[in-house]
Every structure is written in structure tokens, then in C-alpha cells.
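Structure record follows, encoded as C-alpha cells.
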Amino acid sequence: MTGTRALPARPETAPAVPLTPRWWFRPVPLARIAVFRTIAYLFVPVDVFLTTAWVRAHADVPTEFYQPLLIGRVLHLPTPTHTVVLVVQWALVVAAVAAATGRAPRLLGWTVFALYAEWMVIAMSYGKVDHDRIAYLVALAVLPTIGVARWRDRRSSQAAGFGAAAILVTVMLTYFLAAWAKMRFGGWDWATGSTLTRAVVRRGTDLSTWTLDVAWLLPAAQWLMLAFEFLSPLMLLVRSDRARIGLVVFLLGFHVMVYAGVGIIFLPHCIAILSVLPWERLRRDRSVAGQPVAVPVGDGDRPA
């Protein structure tokens, strides 16, 4: 998929079956991608300087502690010396800010993806690998394949549809594979044990410590969490704008609740979730006479 096939957006008469070719390549408004692309790239400096500022400390860690991930070994990525870490850090931030403008979307997009992937190798090659980065990393990987997209773009694109679908599937798999990992390593003891109780004891806030006094609440929450994660493939059925907005509100609400309770937030994953929103509806075109005009929308949507 080397180009963007753009066409006027028009509703489909029947929903596409998830994971079929028609579902993967159903047209998505380019304006939706343009807005999300700006958000995704502007998040990079936030991530580098705030949410993962600790990665910069690896510049001063003895190189013998570096145990590269598989991709680092396969690609023979450089050992993160002081110079390497600083060069990657600043090159990534500069490239991301430039990419957020929408200029040279392929060149700058691929540059940001390569540098962020290297930043993650530097981050995760010292004994700890976080699972909240994969959907965001996939987003950075697919955005350059879409090409030019503007906030006020009136077209839809199959390339944009594939990119949006890839991010959505990865978001879903983040939850589903989390449930599978719980069963693989903890079995049903994860759901019947004191997993959340231990989390609240260790990291609880004023909003969550009261739950320790309600014996049945946290075990019930564990079952609900497991059910939600196993049922996450249902999110692939979202079609209408209302369903997309509802899904995003639910998922972000879940992560806000976790943060309020135990201080853990998967911020890059939350940024990837934002790709689901119908951002094109922010645009309200006006005719020369000042009258509203119809705005093309994506597959299965009705005009706002």
C-alpha cells in the first residue's frame, strides 16, 4: 500500500464483517487521520520529557547493563551511550514537532517511527518491558502510509481506513492479550485472589483505600476486568459515530478510574484510543452565503 486512494465519502449499505478485506480497507475520512496525526506527533515530546523522562537516565548507565530486545539484536542497533541517547532524544522531538505540521508526511512520519522505536528499545532493554506502547507504536508505523491529509480534507481514503483499522485491532489486542497473559501466568487465581487488594495496599489513593473495607468489591472488580478484556474483540463492531464516541469514553473512563485508584495510567495507549473518534466532525464548513453545507463522512456514518 504505497499510495492513498482518496474518494468522496459515502455510506455503505451494509456493515463490513470485522477482519475481512472490506473491513480493513473501508474508506475513512482523511480529516480524521489529519487531526489524530497532529495529536499523536505532539504527544512525542510529552512522552519524552514527562511520561518516560526516565529513559534519558539510561545515558548515564554503564553500557554493560544494556540487554537489547530481540529487535535490537536483529537490527544491530547501537549501544545506548551518552551521545546516542541524547541524539535519539532530540532528533525524535524535532522530527515529531515537524511531522505534526503535516508536511512531508511520509519522510517525517517514517523518521518519527524509527526514532521512537529506537527510543523504546533504549527504554525497555534494562529488564522491564511495558505493554502500553504497542498500539501507539503501530499508530506511528501506519500514519506515514496514508500520505497527505488535511484537517479540512473532504475526501475519504482506503489507506486511511487500513491505518485506522490497524490501530483499532492493536488497541483491542492490548486488552485481549492482557487477559490471556493473566490466565497463562496466574490462572483463575488471578481473578479469585487478592490481585487488586495488593495493588490498592501498595499504591492506593484516597479514592480507593475505602474499597479494602468491602470484602466482595475488589474480587468482583477482578472478574469484571477479566470479562471486559476477553470481550474486547466486540469493539471491532463499532460503526456509527455514536458508537465510536461511546467506546472511547468507556475506555478512557476505565483508564482514568485505574489512575485515580492506583496511580497507573497507560498514556500512550490512551493516545492510540483517540484514533477511533470521528475527528472530522469538528469541521463545520460554511458556504459563501453563510449557510451550512453537507460534510462527507466516513463509512457507515451519517452527516452531522
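Where the second residue is of a type in the set (Asp, Glu) and surrounded by fewer than 16 Cβ atoms within 10 Å (Cβ to Cβ) and the first is free of Cβ contacts under 8 Å to residues at least 60 places away in the same chain and lies in the range 168-195, which pairs have Cβ atoms under 9 Å and are six or more apart or on separate chains?
Pairs that qualify, where the first residue is free of Cβ contacts under 8 Å to residues at least 60 places away in the same chain and the partner is of a type in the set (Asp, Glu) and surrounded by fewer than 16 Cβ atoms within 10 Å (Cβ to Cβ), are 195/189.
Looking only at the range 222-257, count every residue that is farther than 14 Å from residue 179 by Cβ and out of contact with any Phe, Trp or Tyr (no Cβ under 7 Å at 6 or more places or on another chain) and tell me the total.
Number of matching residues: 20.
Please work out if residue 149 is part of a loop (DSSP other than H, G, I, E, B) and more than 30 Å from residue 32 (Cα to Cα).
Judged against the criteria, residue 149 is not a match.
Restricting to helices (runs of 4 or more DSSP H) lying wholly in the range 23-122: which have 3 or more residues that are without any contact (Cβ under 8 Å) to a residue 12 or more places away in the chain and out of contact with any Phe, Trp or Tyr (no Cβ under 6 Å at 6 or more places or on another chain)?
70-74, 82-99
Of all the residues that make up the range 94-131, how many are crowded, with 19+ Cβ neighbours inside 10 Å and more than 19 Å from residue 72 (Cα to Cα)?
Matching residues across the range 94-131 total 7.
Count, please, the residues in the range 125-144 that happen to be touching a residue at least 60 places away in the same chain (Cβ under 8 Å) and in contact with a Lys or Arg (Cβ under 8 Å, 6 or more places away or on another chain).
Number satisfying all stated conditions: 1.
Assess whether residue 177 counts as being buried (at least 19 other Cβ atoms within 10 Å of the Cβ) and either out of contact with any strand residue (DSSP E or B) (no Cβ under 8 Å at 6 or more places or on another chain) or not acidic (Asp, Glu) (or both).
No.
Within the range 232-257, track down each residue that is in contact (Cβ under 8 Å) with a residue 24 or more places away in the chain and more than 17 Å from the chain's Cα centre (by Cα).
237, 239, 240, 241
Restricting to the range 258-275, and then to whatever is surrounded by 13 or more Cβ atoms within 10 Å (Cβ to Cβ) and farther than 19 Å from residue 35 by Cβ, can you tell me which residue is nearest to the chain's Cα centre (by Cα)?
Only one residue tops the list, namely 266.
Each reported figure results from applying straightforward, stated rules to the coordinates on display, with no laboratory input. Worth saying up front: this structure is predicted, and the values here are computed from it rather than measured. Here Cβ is always computed from backbone atoms with ideal geometry, including for glycine, and neighbour counts include all displayed protein chains.
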